[in-house]
1. Can you tell me the orientation of helix 3-17 relative to the chain, as the angle in degrees between its alpha-carbon axis and the longest Cα principal axis, to the nearest 10?
2. Could you quote the convex hull projected area for the chain, Cα atoms only and averaged over all directions, in nm²?
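Values quoted throughout were computed directly from the atomic coordinates according to the rules given, and no laboratory measurement underlies them. All of these numbers come straight from a predicted model, not from anything done at the bench.
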Amino acid sequence: MSVTQQHLLDTHRALTLGEPAPPAPGTHGRRAVRERRGEGRSRAGRRGLRDALSRWRRRPT
């Protein structure tokens, strides 16, 4: 079953049950990619902070 066929089936089912129709395929694709990219950046930032703190704790006094 293609993405378009699945979307049409989901839309029909939602209308039959009186629910709102699902968004069309690809509608929120850019937002999802942007969120994943931002998540990776924040994870990398935490990793960098964690590495810096561990290096600071291990330094000789």
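1. 70
2. Answer in nm², one decimal: 6.7.
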